[in-house]
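Heads up: the structure comes next, in structure tokens.
The numbers here are math on the coordinates, done by the rules we state, and not lab data. Model, not experiment: these values are computed from the prediction. In this analysis, Cβ positions are derived from the backbone assuming ideal geometry, glycine residues included, and neighbour counts consider all displayed protein chains.
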Amino acid sequence: MHIGDGIRSAMVSIASHKMRSFLTTIGIVIGVIAVVTMFSSVYALKDLINTNMERMGWNYSVIIAPSAASVNNANQRSAVKTKRRAAQNVNPVDLDDYYTLKNELNYKAIYGMVETNTLQRMGNEDNYITLKATENYFFTSKNYLLSQGRLFSPVETQEGLPVAILGYKYAQKYYPDREVLGETIVLGEHRFRIIGVLGSDQLNRSGGMNFNTWERDRELQAVYVPLKYGSYRFVTGKQVPMIYLQAHNAKAFEKMKAKARQILLARHNMYPNFTFMDIGAMMLNISTEIDNQMKKWNITLSAIASISLIVGGIGLFSTLLISIQERMTEIGIRKSIGATEQDIFLYFIFEAIVLSLIGAITGILIAWMLLSVIGNALKFPLYLPWAGVMLGIFFSLLIGFISGLFPAIKAARIDPIKAIYYLD
């Protein structure tokens, strides 16, 4: 028997017993739905975590900050004599260091940050407002979008002009439902012209999984000004207490970090009065741990979901055994006109495999529709993972083959004379 003839015979048999075929495939359909949906939930969660880590600027990144010794040295320079002679003439990391790193490194994003708190008086009410001096890379790497206006222009960045971008929650609190672009805002002794307003946090939308909510909430309550303005007016010595660096990929990350260290050591008389907070390494460890846990969950969930497929296989096995009795005449006639035991075996095994494949495809389609509905209802990105689809099809075909193996062998060994006589 040719494979095509076997498949056609199996399809004819399935079509002629629609209700039996439908009931037989229900178990397979449920099993495939379970496998695909469980895989989807695990992969969607993993993808969401990795995507949001990237959107928050955590991957392949490092933060340069002053070391504890350099902070003490800067604050107590006149009262404390350091044991290291080199440290006496070394200044903290400043704006010139930042510009050198910016010009000489290969990076995906870089920005400095100078922060201070100042008093804002509005009417009879006094409020302490956080002022952050930074550059445009901060907004793009943290995935903050504008609802009004624009980011800092190159001239404003280079000259350190007194312009400001308002955080979304700051604007909502002090300027609700009001167009503020072009207005002047007074914060302590500083006066700024408002050029932009940040939009709401798209990363932590309601109904989804929240990431680093406290920090992002605080950032959206702040007011942002050019880095050069802050380094000249918020601190002494043009200091930049924090520099953020992000590489393009894992391969470039170590090179970028090593070169940044070399540049700073060369500019600071080989005295390491700075530290590297290796966020990229921490995130890599977290991602690796998440991957390991997801693999364990995949194995566990696959084992659980496979039970449904096994139950479906038992149903298929029972149906094929029963169908042998119904097809005694057919088997006898086929053998009497020249069909071999191999032909009868293939006839039954193909029917089992085709039934399993139909159940798998049906289960995948139903799972796809369920994932779409559930994802829209929960506002959670659920997609159809190819690994889950392929695993569902593979297990379905395997269960179909195993379930049909014994009935096919039994049918193939039936004596044609006894088969015809049995039904006569």
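Quick notes on this structure:
- Residue by residue, region 351-365 carries 3J(HN,Hα) couplings of 5, 5, 5, 5, 4, 5, 5, 4, x, 5, 5, 4, x, 5, 5 Hz when phi is fed to the Karplus relation 6.51 cos²θ - 1.76 cosθ + 1.60 (θ = phi - 60°); x denotes Gly or Pro.
- Summed side-chain charge close to D291 - residues other than D291 whose Cβ falls under 12 Å, Lys, Arg +1, Asp, Glu -1: +1
- Ranking of S67, S318 by neighbouring Cβ atoms within 10 Å, starting from the fewest: S318, S67.
- Order of M19, M242, M390 under a 10 Å beta carbon neighbour criterion, fewest first: M19, M390, M242
- With R₀ set to 25 Å, the beta-carbon distance separating M270 from T236 gives a calculated FRET efficiency near 0.55.
- The local environment of G359, defined by Cβ-Cβ distances under 15 Å, has a net charge of +1 under the rule Lys, Arg +1 and Asp, Glu -1.
- R0 of 41 Å, Cβ-Cβ distance L119-E289: FRET efficiency to nearest 0.05: 0.40
- For region 59-279, the normalised intensity computed at q = 0.13, 0.15, 0.17 Å⁻¹ comes to -0.82, -1.04, -1.25 (log10 of I(q)/I(0), Debye sum over alpha carbons, equal scatterers, no solvent).
- When H248, H190 are arranged by Cβ crowding within 10 Å, least crowded first, meaning fewest neighbours, the order is H248, H190.
- Amide hydrogen neighbours beyond the local backbone of L146, cut-off 5 Å, H modeled: G199
- Separation of alpha-carbon centers, region 353-386 and region 89-153, rounded to whole Å: 46
- Bridgeable aspartates and glutamates around K379 (alpha carbons under 17 Å apart, same-chain partners fewer than 8 residues away excluded): D47, D201.
- Net +/- balance of residues flanking I349 in space, Cβ distance below 13 Å, scoring K and R +1, D and E -1: -2
- Residues of type aspartates and glutamates that K410 reaches as a straight line, Cα spacing below 15 Å, ignoring anything fewer than 8 places off in the same chain: E326, E330, E341, D343, E351
- Rounded, prolate or oblate (a/c below 1.5 giving rounded, otherwise prolate when a/b exceeds b/c) for region 133-201 by Cα gyration tensor: oblate
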